[in-house]
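Beneath this line is the structure, given in structure tokens, with notes to follow.
Bear in mind these aren't lab numbers, they're just calculated from the coordinates by the rules spelled out. It should be emphasised that the depicted structure is a prediction, and the values quoted were computed from it without experimental measurement. Every residue, glycine among them, receives a Cβ derived from its backbone with ideal geometry; neighbour counts consider all protein chains shown.
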Amino acid sequence: MPFIHIGIDDTDSTRKGCTTYIGAILAEKLSKVRDVKFVDYPNLIRLNPNAPWKTRGNGAVCLRVRHPEENIVDKIVELISETVEKHSDLKDPNTNPSACILVTEDKHIPNDIIDFAYFTVRYISKVEKAEELISRHKIETIVLKDKRGLIGALAAIGMTLTNTDYTYELLAYRCPTYIGTPRKIDVESVYLMDKLTRPYTFNNVDEKRILITPHGRDPVLYGIRGEYPSILLKAYEIVKVYEPIERYVIYRSNQGTDMHMVKISSLTNALQYMNVIIELEVSSNPVTITGSHTFFEAKDAKGCRIRCVAFEPTGILQKTCQKLIPGDKIVAYGAVKFSPDGTKSINLEKLEIIELAKLVTYRNPKCPKCGATMKSEGKGKGYQCKKCKFKLTSAKKIPVEIPRSIAPGLYVARPKARRHLTKPPERYGLEKRRFNFKISEYWFKIFN
């Protein structure tokens with residue numbers, strides 16, 4: 001019984017559409033094909049968030065099914081082609097929908113495709129490399145415009161999420177007639193859902209703002225992210241909406257896992273568009289542009305320097321960076337960017353303080369006779385007591401350590417400023433390493 005892996009990417013634009021919705025429609029169609037069996041939840045794979053050509057979340061999807069007859073592939077390819085063509089934003093010049101269909105004898109994916117998937121999440125892959133793998137493994141493709149979409153489609157197939165951390169997301173979709181109108185959702189029910197399901201759901205709210213609803217013309221009504229399908233179904237029952245839901249689908253995903261991060265030991269290895277984890281020492285006092293972002297310089301163990309940037313929306317992350325001083329030892333997590341003049345920066349997603357430098361100030365000595373603070377007589381002339389006029393010619397300023405207002409620990413951008421892949425604080429300790437391939441019977445439902 002062959003396994004059929006279907007990867008899809010680059011179907012939406014900044015103005016409309018959603019690749020996960022195409023995955024949801026295709027899941028419905030495949031479920032109606034006789035003897036088709038899903039072997040995994042649909043996969044939502046977030047790729048490198050720094051890719052210059054991404055739309056919004058840079059997400060690709062993969063559906064994995066089994067069927068007793070290999071000749072069913074032609075019918076499945078036809079379903080994919082008509083679904084992708086119908087629901088993609090083909091008029092947008094930057095949208096390049098593509099699909100890859102890999103047939104395997106068992107559930108295992110070739111190692112070079114898995115390697116390509118991880119590379120695509122962490123670096124920038126080229127179409128030529130995707131085409132090489134597609135040719136080597138005789139993968140069938142659907143390309144509606146430019147071939148760039150093949151990168152994400154192939155990477156989605158390769159990212160099996162079997163020996164790495166993963167999460168889930170329940171995506172509820174709008175009926176077509178409601179797309180483009182304000183989303184009608186009960187805000188208080190979202191706060192209640194967050195309270196009752198935390199920490200097993202995450203990134204639902206940020207103080208007075210709910211985060212589960214997008215803002216564009218895409219078909220998503222809301223998305224709830226969490227650790228298990230059962231907690232997402234519980235959350236779904238709590239959230240109240242005042243418009244009809246067309247369908248929901250539960251995706252298994254690399255969201256909230258830090259999969260995009262690469263640990264490096266030297267800044268010479270920090271390449272454009274990478275997402276790095278690196279130990280540094282703060283080498284300058286932070287500077288904050290009024291009402292805006294905070295900048296400071298830091299150096300690695302070899303003395304190479306880089307500018308670190310904490311953007312204003314990151315909240316506590318920026319406020320912590322403002323209190324750093326030279327000598328503080330940190331671990332920086334963030335995206336490497338090159339400015340036009342060649343300056344290399346890390347746009348911070350997280351900051352771990354390992355060790356704080358001592359903050360020392362120097363004060364005039366106290367008078368040994370009356371205890372009052374003495375006054376300097378001038379450089380090299382000693383000090384005189386302002387009260388009793390006693391003089392000390394050999395006295396020096398006294399070093400005094402000032403308590404720091406920050407402490408060692410991990411500081412993460414506030415929820416509204418987090419990237420899809422950034423692991424939130426509540427997920428630490430909840431990581432998963434295996435998937436048992438058991439699928440809830442309630443992983444998707446169609447209402448309208």
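General remarks:
- Region 120-162-region 381-422 distance, computed between alpha-carbon centres (Å): 53 Å
- The length gained on full extension between ARG136 and ARG56, counted as 0.36 nm times the residue separation minus their Cα-Cα distance, comes to 25.7 nm.
- Given +1 at the Cβ of Lys and Arg, -1 at the Cβ of Asp and Glu and no other charges, the dipole of region 359-401 around its Cα centre is 220 debye to the nearest 20.
- When the Cα positions of THR288, ALA332, HIS5 are compared along the charge dipole of the chain, THR288 comes out farthest toward the positive end, with charges on each C-beta of Lys, Arg, Asp and Glu.
- Taking every alpha-carbon pair under 8 Å whose residues sit at least 6 apart, region 3-160 reaches a relative contact order of 36 percent.
- Label-point separation in nm, ASP341 to LYS375, each point 7 Å along Cα→Cβ: 4.5 nm
- Dipole check for the chain: with +1 at the C-beta of Lys and Arg, -1 at the C-beta of Asp and Glu, and the Cα centre as origin, the magnitude is about 3360 Debye.
- Maximal additional length on extending the LYS389-SER265 stretch stands at 38.9 nm, based on 0.36 nm per residue less the C-alpha distance.
- In order along region 205-214, the phi-based Karplus estimate (6.51 cos²θ - 1.76 cosθ + 1.60, θ = phi - 60°) of 3J(HN,Hα) comes to 9, 9, 6, 9, 10, 8, 10, 7, 9, x Hz; Gly and Pro are listed as x.
- Sorted by Cβ density within 10 Å, fewest first, the residues ARG56, ARG427: ARG56, ARG427
- Compared with the direct C-alpha span, the chain from ILE398 to ASP106 gains 97.7 nm at full extension, assuming 0.36 nm per residue.
- When each of LYS240/LYS350; LYS299/LYS396; LYS32/LYS86; LYS54/LYS145; LYS86/LYS107; LYS358/LYS423 is checked by Cα-Cα distance, pairs over 24 Å: LYS240/LYS350; LYS299/LYS396; LYS86/LYS107; LYS358/LYS423
- When both region 269-334 and region 192-257 are represented by their alpha-carbon centers, they are found 32 Å apart.
- For a straight C-alpha distance cut-off of 13 angstrom, the aspartates and glutamates reachable from LYS16 (same-chain residues fewer than eight places away being disregarded) are ASP89, ASP92, ASP218.
- Once both labels are positioned 7 Å from their Cα atoms along Cα-to-Cβ, the gap between VAL331 and GLU82 label points is 5.2 nm.
- Proxy reagent accessibility, fewest Cβ within 10 Å first, across ILE8, ILE289, ILE306: ILE289, ILE306, ILE8
- Unit charges at the beta carbon, dipole of region 359-401: most positive-side option, CYS385, PRO365, VAL400: CYS385
- Here is the list for region 253-358: trypsin sites (Lys or Arg not before Pro) lying in DSSP coil, each with at most 11 other C-beta atoms within 10 angstrom of its C-beta, are LYS302, LYS358.
- With contributions of -39500 (n - 2.57) from each DSSP H run of at least four residues, the per-residue ellipticity at 222 nm computed over the chain stands at -6000 deg cm²/dmol.
- As a length-normalised measure over Cα pairs under 8 Å and 6 or more apart, the relative contact order of the chain settles at 15 percent.
- This model, with +1 at the C-beta of Lys and Arg and -1 at the C-beta of Asp and Glu, gives region 61-203 a dipole about its Cα centre of some 440 debye.
- Per-pair calculated FRET efficiency, R0 = 22 Å: PHE437 and ARG34 via Cβ, rounded to 0.05: 0.50
- Scalar couplings 3J(HN,Hα) for region 192-199, obtained by applying the Karplus form with A = 6.51, B = -1.76, C = 1.60 to θ = phi - 60°, are 5, 4, 4, 5, 7, 10, 5, x Hz; x denotes Gly and Pro.
- Alpha carbon centroid spacing (whole Å) that separates region 7-43 from region 346-360: 43 Å
- Estimated FRET transfer efficiency when R0 is 41 angstrom, pair GLU69-ASP206 (beta carbons, to 0.05): 0.25
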